[in-house]
Structures are given as C-alpha cells and as structure tokens.
1. At 4 °C and a viscosity of 1.567 mPa s, what translational diffusion coefficient does Stokes-Einstein give for the range 328-429, taking Rh as the Kirkwood radius over Cα pairs? Give it in µm²/s as a whole number.
2. Treat every Asp and Glu Cβ in the chain as -1 and every Lys and Arg Cβ as +1, leave all other atoms uncharged, and give the resulting dipole magnitude about the Cα centre to the nearest 20 debye.
3. Would you calculate the convex hull of the Cα atoms in the chain and tell me its volume per residue in Å³?
4. How much accessible area does Trp108 have with a 1.4 Å probe, in Å² rounded to the nearest 10?
5. Would you compute the Debye intensity of the range 51-159 from its alpha-carbon atoms alone, equal scatterers and no solvent, and pass along log10 I(q)/I(0) at q = 0.10, 0.12, 0.20 Å⁻¹ to two decimals?
6. Ignoring everything except DSSP H segments at least 4 long, calculate the 222 nm mean residue ellipticity for the chain; use -39,500 (n - 2.57) per segment, divide by total residues, nearest 500.
7. Report the normalised scattering of the range 283-342 as log10 I(q)/I(0) at q = 0.18, 0.23 Å⁻¹, calculated by the Debye formula with identical scatterers on the alpha carbons.
8. How do 185-194, 315-324 rank on mean C-beta neighbours within 10 Å, highest first?
Amino acid sequence: MWNKDIEAIDRKDLEALQLKRLKRALELASGTSFYGKVFRDNKVDVSKITTLEHLKDLPFTVKNDLRLSYPDGMMAVPKSEVVRMHASSGTTGKSTVIFYSQKDISEWADLVARSMVATGTSKNDIFQNMMGYGLFTGGLGLHYGAERLGCMVIPSSTGNTLRQIQLMEDFFTTVIHITPSYALHLAEEIHKQGIDPRDLPVKKAYLGAEPYSEATRDKIEEQWGIDAYNSYGMSEMNGPGVAFECTEKAGMHLWEDFYIIEVINPETQEVLPDGEAGELVLTHINREAMPIFRYRTRDLTRIIPEPCACGRIHKRIERIKGRTDDMFIIGGVNVFPSQIESVLMKVPEVGNNYQIVLDREENLDKIIIKVELYSKMFQGDLKELEKLRKKIVEELRALIVVNPRIELHEPGSLPASLGKAVRVIDNRKL
Ligand code: AMP
Ligand code: ZN
C-alpha cells in the first residue's frame, strides 16, 4: 500500500494535482448556501482561481462558520449522495457536523491505510481500536483504514479496562490506537492486574486526539515497551489520517494530495514561510460532500522544511505545541500545558496523571499543580516527599515565573481520563 506514485510524487505534479482538485472543490462549494454567500460577499470569482497562490484571496473559515451553517449549509452534494456524518468532540456550543459521500469515505480509508503503512503496519497485524466509536471520528476513521489495509480489527472502543486487557492477551493485539492519557492510565491498570504491559504482544501504538509532549511519548514507549506514533487529525478535515508519523518518528507527513497547508501568524493572519511556527490552516481539496477552505485549526505547529529520510515528499508538521486557545497566561506569562507536562514527565518519580488548577487570590494569579506519584513514593520517608516537591517546584520555576504550588497525590486519586483529558481547570474569573 506504499503508493510511490503519490507519496514520492514530483512536487510540480503534486501542485498540478492540488490545483485541479482545488478548482473542483471550489465549484462544488459555490453551490452551497454558506460558501455561495462567502464567495459573493468577498467577490471571489471561482473561475479566476488559476494558480495555488490565488488560494490567499479566499477568506478563512473558522469553527463558528460551521456552527452558523448548521445543519447542512456547507453540504455540497445532493443529500441522497451523503452516506455518513460525524461531529466534532468539542464541549462548547452546537456541534460542528461533517458530511461524507461514498467516495469520501472510501478515500478517507485509503488515506488512513496509507498512514498505517508508513509506520510499518501490515495485514498481518491485529489492531485494537480503543478510540471512541460514534459521532467522534477517531474510532470509525481508523477502523475502516485498518480494514482497508487488511488488519484484523478489534473495535473495543474506549473504557472497560479489564476487557481491553483480556482482548489484547487473547487475540495477540499488535497495534493499538489510543489517546495518550488513556495509554498512561491503562498501563497502570494492567500493572494492578499483576501484568507488566511490556509482556503483552502489543508492539505499536497510535497516539492522537489530544496534545501531549515528546516526554509523554517516551514514557508510554518505555512503560509499554512499544513504538508510539503521533497521529493528527480533526473532524473538519475528515478525522484521523490528516497527518501521521512515518517510521522516522520525526514529524508528521501531512497528506498534500488531500490538503493544502498554510501556517499563519494567528494575530496578523499573515501567511508564514515554511519553518516558522504559527497556526495551522488547512484546505480540504478532496472531499466532495463538504469542501472546506482555509480552515483555522487553532493548532500551533511548524512545517519542517527538510526532506524526510523515508522518501515521502509530503511536508511534515511538528508535534502540536498547543492551541491558540488552550494557552493560558499566568502572572503575565504565556504558558502551554504541554510545557508543564514536559517538565513533569521527565521527573522519574512522577506517575501518569496530573492536573493544573489556576486560581486568583487577592488579584494575584496562583497555579496549583496536582501530580500523581508512583505508589512506592508513599512508602518511604516524608522528608523524601518534601525534597521531591521542592525539586518539582525548582524544575518548573524556569518555565513559570509565578511560584507554583505542587500537591503530591497517590496514584489513582486524580480524576482518570478515558477520552480526552481535562488538564487545566481555570477558576479565575477572567
Ligand atoms: P476533533 O475534531 O474533535 O477530532 O478534535 C481535533 C483536535 O484535537 C485538533 O484540532 C487538535 O487540537 C487535537 N488533536 C488531534 N490529534 C492531535 C495530536 N496528535 N496532537 C495534538 N493535538 C491533537
Ligand atoms: Zn517520512
């Protein structure tokens, strides 16, 4: 399934394909009530888009546009051609709904299968899919891709930890798909059963759906004795399979025959040259039921300009550093939860769960970081714990100017996460 013709395509040919697909997507979209109006209001003449550069003449699309066009203002094919819908896992406001035609579903499966092949997975693998099935794209997205590749798929979905363990053992699961927070939690649960996760047949994990640090990847690889690959996507762009790491594990190839990538300065909205960090903006040029142009993902990353050693020419993006909207400012300093996580996960005594609580007392910002430790830490001397607490404070001081209060907790005492983790609780009424 390594498709050399498309994955190692000449850039000129790729750009010609992108332009052809972009034009078709624009034609389809001009028939929708949402984009029809956007193009009229912004005086966009679709027939005059003749180079990829012209993409910059189109306005951005934001999440709220999808809410405004709810339920079907962006549907670009007759309803009878739509075979599936999904919705974003967002917890705020009306959900944003995405439509797919038969062709869209089939090509999405191809894209996911291509991504899995890039990590060395084959039809001989047993694939246990521990992502949510339902409106969320994570479950079904990887499910059909893995089937397309010919893996045996175990659609175990989230939760039910004991059954997950039994399935892994009984059916010799070799590849799992899981959120990083659940991977950490599950490793602990497996230990509680008297099993070392390293003794399970699992060799590989796809980790995605939420931001996590390189240190967390290292930790999961170590705890499970596996290779973990970063998987990135969002419902607006299909779901998973937008960008995936190859066996080089050095950034995620973003499949440019389906998506046009831009990185912008989120404040000025100026398009940045490759290599500079900013907000990822994506155009879906190959989905007939619902084309979306210049979608502001709110995800912060950078294009890695150097070619990848694997031979794939599709541009790579770096691990997502955070979202323009999960960044918090404490004592006037911008902090990403992922930065705190990086520091914590490098401390060997720190367990698998943590929570950041922001508060304000007498107009002063306060940050409380609740950290779970491994249980052996609570068997020893209190002095040792105090020393460790101070050490964590010191490590974090370089990052956050405000003195962090560190609370040490026993394993399992913080709310466990089965899906996307809620890491930051902001009690400041900002
Ligand atoms: P949803 O549309 O509900 O699937 O949510 C998509 C969002 O999840 C993305 O815009 C990212 O913010 C986040 N996300 C998905 N995969 C990753 C990943 N590998 N690393 C960091 N964030 C991710
Ligand atoms: Zn590569």
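1. 92 µm²/s
2. The calculation lands at about 700 debye.
3. Spread over its residues, the Cα hull of the chain gives 147 Å³ apiece.
4. Rounded to the nearest 10, the figure is 10 Å².
5. One equal scatterer on each Cα of the range 51-159 leads to -0.39, -0.55, -1.10.
6. Values: 11 runs with 128 residues, N = 430.
Result for the chain: -9000 deg cm²/dmol, rounded to the nearest 500.
7. Each listed q maps to, in turn, -0.86, -1.00.
8. Packing proxy ranking, top to bottom: 315-324, 185-194.
The values are calculated or read from the model by the stated rules, or taken from the named source; none is laboratory data. Keep in mind the model is a prediction, meaning the values are calculated, not measured. Virtual Cβ from ideal backbone geometry, glycine too; neighbours counted across all protein chains shown. Areas reflect the complete protein model, heavy atoms only, side chains present, ligands, DNA and RNA absent. Shrake-Rupley method; radii C 1.70, N 1.55, O 1.52, S 1.80 Å.
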